[in-house]
Amino acid sequence: MESRVSLNDENLRKELRLVEYPGIVKNDDNMLATLGGIGRISQTFCEQVRRMELIFHPENRYCKPAYGDTHKIAGILIKVKVKKPRNGSVEAKEPPTHVVEILGHCKKSIKFTSMCDFQYLPIVRNPQTNHFEYIYDRIMPQGLPPVDWLKDPEQPLLLVPSVFARCDNMQTNTFRYDHSKAKDDGDVIGVVRSRPADLKTLCDFSLVDPIPTKGNPVVYKVMMAKLVNDQQFETVKKLFEECPIWNKVSLIYEANVSSDKLKCIIPAVCYHYRTGPWRTMYVRFGYDPRKHFEARYYQTFDYRIRFGAKLGAHIKTKRSTNNPRLCQRNAPQDRDEGLIQDMNYPYLEDGRLPRGRQSFYRYSDVRLPKVQEMLDKIPTPLSGATCNEKTGWLPPNFSDEVRAIVHSSVKQSIQAWRKESGLDGEGDYEDDFEEDEDIEDDEQDGDEDNDELDEEDFADDKMDTS
């Protein structure tokens, strides 16, 4: 077998276009008509982002097209001629000769790999003959129809949307099983993770509602599953016997128990206030702070500092302590290390900054002599008196006075630190403090944010204990 290859430089430079037609072509004219003609094909190749349309019935407006996308390829078009010797000739026994000619190269190809839209053609069943009829000419008349054609009630209607499917590629999404449907709640929009409302005991402050006296018995099974030992449980229980009201930071610091263990123990010994004078606090089961005047020491003190270029640079954010990268980036310098308060330290003392830009303290944790003296001097109420729904056992504007004292202490601490560090100027930090009106207006927002954190503490406790 002899092969000859014809190389032509002009043919090699000729760039061709390739259309991989998804069908068997028997008539070239019909094939070009389905692609819109030569003009539509040329226009598609000139525009880079345009897709080629393939309409199987070009004359039918209801036929949805299939779209082809452009792909980069590297190919050549060759022409092969096979010359066979004639029968009976001397060269009949010789093998055929192949002549190969290169016609051009190709860089782009159009492939119809996407899915076609649903087809709803104008075909109806005739009730008299029980046969299907093609009614395209009746609903799409040729030329200008008369006015009576629009008024004829027997004219068929075929009102279909322009697009049935929103996507023309195959979707491989794996949908997760909705566990909320197993509860037989009807047509309810379910969530991936149901809220665990059976372990925690959350209360909204009220002057008439009774207080919880015991927790859910399932909590003890959870503690066993979480490997909480008896010593850790007794330590936390003893702290609540000594002091009936705590916050989370103080419990972790005094009990020396990890947060994962503590969130399993807390639902067994206390309930949680979401609103009111003791919001964000954990109260021992059976203890009613509304009836005990000494509960004023454990009311919530909300202290906030604005993020400013001066004071805000010295105080960490809670988010940075939970993120190692942010913790490294926002790490304080060695020069102000004595001024920064540890995030795990629950007390506010003189000469140190607060542990965060927004911190919740008990009034007993604010270890400033003036504040403790003010708490001790509050007169004992008359017999039968009840606490206030907003201020508790404290007089009106008491929190404003305490906030002013803390402002003054923080400002003096910074000024003393700047003087010891040899920095010029005392610095004006008045704009970095939160205004009292802003705290009152934003009090409800602070409650919601803190409740969100407490929800997360109990989110991992819900488990199958059966």
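Phi angles across region 16-26 convert, under the Karplus curve 6.51 cos²θ - 1.76 cosθ + 1.60 with θ = phi - 60°, into 3J(HN,Hα) values of 10, 10, 10, 10, 7, 6, x, x, 8, 8, 10 Hz, Gly and Pro given as x. As a length-normalised measure over Cα pairs under 8 Å and 6 or more apart, the relative contact order of region 2-111 settles at 42 percent.
Oblate is the label for region 120-165, because a/c, from the alpha-carbon gyration tensor with a ≥ b ≥ c as root eigenvalues, is 1.5 or above and a/b does not exceed b/c.
Backbone phi angles across region 281-292, fed through the Karplus curve with coefficients 6.51, -1.76 and 1.60 (θ = phi - 60°), yield HN-Hα couplings of 9, 9, 10, 4, 4, x, 8, 10, x, 6, 10, 10 Hz in residue order; Gly and Pro are listed as x. Dipole magnitude for region 2-111: about 140 debye, using +1 per Lys or Arg Cβ and -1 per Asp or Glu Cβ, origin at the Cα centre. If only the Cβ of Lys and Arg carry +1 and only the Cβ of Asp and Glu carry -1, the dipole of region 120-165 around its Cα centre is close to 120 debye.
Under 5 Å from the amide H of residue 62 lies no amide H of any residue 5 or more positions distant or on a separate chain, with H modelled from the backbone and absent for Pro and chain starts. Extension gain for residue 291-residue 372 works out to 27.0 nm (0.36 nm per residue, less the C-alpha to C-alpha distance).
Across region 120-165, the mean sequence separation of Cα contacts (distance under 8 Å, 6 or more residues apart), normalised by length, yields a relative contact order of 30 percent.
Taking the centroid of alpha carbons for each part, region 245-277 and region 369-390 are 25 Å apart. Put a plus charge on the Cβ of each Lys and Arg, a minus charge on the Cβ of each Asp and Glu, and nothing anywhere else: the dipole of region 229-277 about its Cα centre is then about 240 debye.
Let me make sure I get this right: for region 7-158, a, b and c are the square roots of the gyration tensor eigenvalues over alpha carbons, sorted descending. Under 1.5 in a/c it's rounded, otherwise prolate if a/b > b/c, else oblate. Which is it? Taking the square roots of the gyration eigenvalues as a ≥ b ≥ c, region 7-158 is prolate.
When region 120-165 is described by a simple charge dipole with +1 on each Lys and Arg Cβ and -1 on each Asp and Glu Cβ, the residue from 165, 145, 135 located farthest towards its positive end is 165.
Rounded if a/c is under 1.5, else prolate if a/b beats b/c, else oblate: with a ≥ b ≥ c from the C-alpha gyration tensor eigenvalues square-rooted, which is region 221-266? Judged from the Cα gyration tensor, region 221-266 comes out prolate (a/c at least 1.5, a/b above b/c). When peptides 281-292, 100-111 are ranked by their average number of other Cβ atoms within 10 Å per residue, the highest-first order is 281-292, 100-111.
Quick note: the coordinates plus some simple rules give every number you see, no bench work behind them. Please read these numbers as outputs of a predicted model, since none were measured by experiment. Note that we place each Cβ from the backbone using ideal geometry, even for glycine, and neighbour counts take in every protein chain shown.
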